[in-house]
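The values are calculated or read from the model by the stated rules, or taken from the named source; none is laboratory data. Note that the structure is predicted; figures quoted are calculated from it, not measured. Glycine gets a Cβ as well: all are built from the backbone with ideal geometry, and neighbour counts include every protein chain shown. Just so you know, the surface numbers come from the protein's heavy atoms only, side chains and all, with ligands and any DNA or RNA stripped out. Shrake-Rupley method; radii C 1.70, N 1.55, O 1.52, S 1.80 Å.
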Amino acid sequence: MANVCPIPTDSYKVGFIGAGKMAESIARGVVKSGILPASRIRTAHSGSARRTAFESIGVTVFDNNTQVVEDSDVIIFSVKPQVVKNAVSQLKPILSEKQLLVSVAAGVKLKDLQEWAGQGRFIRVMPNTPSAVGEAATVITLGEKATTEDGELISQLFGAIGKVWKADEKLFDAVTGLSGSGPAYVFLAIEALADGGVAAGLPRELAIGLASQTVLGAASMVSGMGKHPGQLKDDVASPGGTTIAGIHELEKSGFRGILMNAVVAAAKRSKELSQN
């Protein structure tokens, strides 16, 4: 690691290869948090809508990815998994180990990314869709030549759109099953809670509002109070009361087992896809 050139933390520039919604969410979060001024972020796109989205933040938008790479210290490949190989390979001749490379492409392993780039200073990042509202659950893992300082820098960047954890890459299929696919499970749960409210007599708009805020509040209690979810459940389930009656119905239907099975099934599918 001694030969790795440190990224200049007070002046580094971030370049996005791919100007989609994920890149926009990261850019907006980073600028809003003050971690990086928009003047030190760049991307490339030919479409007017995407150019306008980034230029409205103050991001420099080039005509091609070569310009992005040549003017960036940290390069984030924010493209779909099926095109990341082509994107990295095309830029390989101008990539340098003085630059830190990052991929947010789901299911694409570090060994492949490093091979396509011809270098090992790579970090794989897995955010999830709540990044759009600054509440992502993001997991990162470092490539063979990425330094601890590189990891801290990327954790800071992605911390602007939520919370960040570090984990071994072998856990990424399980991460996909839980936090990657998890928002969809929660959307389904919110919809079902709202439907229950409607069935009990609530207007649809009120039911959806109550269901979504209840899930948000409960999640905030788990992350903010330091109590085990089971303890929080027990705290609200008074003897012979309404809550324990509802919990009894959930248990009879195998609620916990269904969620566990969903995570395991998604993790298994992630592993299958990454092997293809």
What number of residues within the stretch 13-36 are surrounded by 19 or more Cβ atoms within 10 Å (Cβ to Cβ) and in a helix (DSSP H, G or I)?
10
Picking from L250, L232, L206, L202, the residue that is surrounded by 15 or more Cβ atoms within 10 Å (Cβ to Cβ), among the aliphatic types (A, V, I, L, M) and over 21 Å from the mean Cα position of the chain (by Cα) would be L202
For the stretch 147-168, enumerate the residues that are open to solvent by 30 Å² or more (accessible area, probe 1.4 Å) and charged (D, E, K, R).
E149, E152, K163, K166, D168
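Which of the following residues is in a loop (DSSP other than H, G, I, E, B), surrounded by fewer than 18 Cβ atoms within 10 Å (Cβ to Cβ) and acidic (D, E): E191, E144? Before you say what the answer is, go through the steps one by one.
Numbers: E191 fails: in a loop (DSSP other than H, G, I, E, B).
Going through E191, E144 in turn, just one is in a loop (DSSP other than H, G, I, E, B), surrounded by fewer than 18 Cβ atoms within 10 Å (Cβ to Cβ) and acidic (D, E): E144.
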Candidate set from the stretch 55-66 (those that are of a type outside the set (D, E), in contact with a Ser or Thr (Cβ under 9 Å, 6 or more places away or on another chain) and on the phi < 0 side of the Ramachandran plot); member that is surrounded by the most Cβ atoms within 10 Å (Cβ to Cβ):
V59
Residues S72, S96, S131: which one is under 17 Å from P8 (Cα atoms) and at pLDDT below 95?
S96
Considering only residues that are over 19 Å from G177 (Cα atoms), among the basic types (K, R) and part of a loop (DSSP other than H, G, I, E, B), which ones fall in the stretch 106-136?
R121
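In this structure, does L171 turn out to be open to solvent by 50 Å² or more (accessible area, probe 1.4 Å) and in contact (Cβ under 8 Å) with a residue 40 or more places away in the chain? It would help to see each step written out before you state the result.
Working: open to solvent by 50 Å² or more (accessible area, probe 1.4 Å): yes; in contact (Cβ under 8 Å) with a residue 40 or more places away in the chain: no.
No: the conditions fail for L171.
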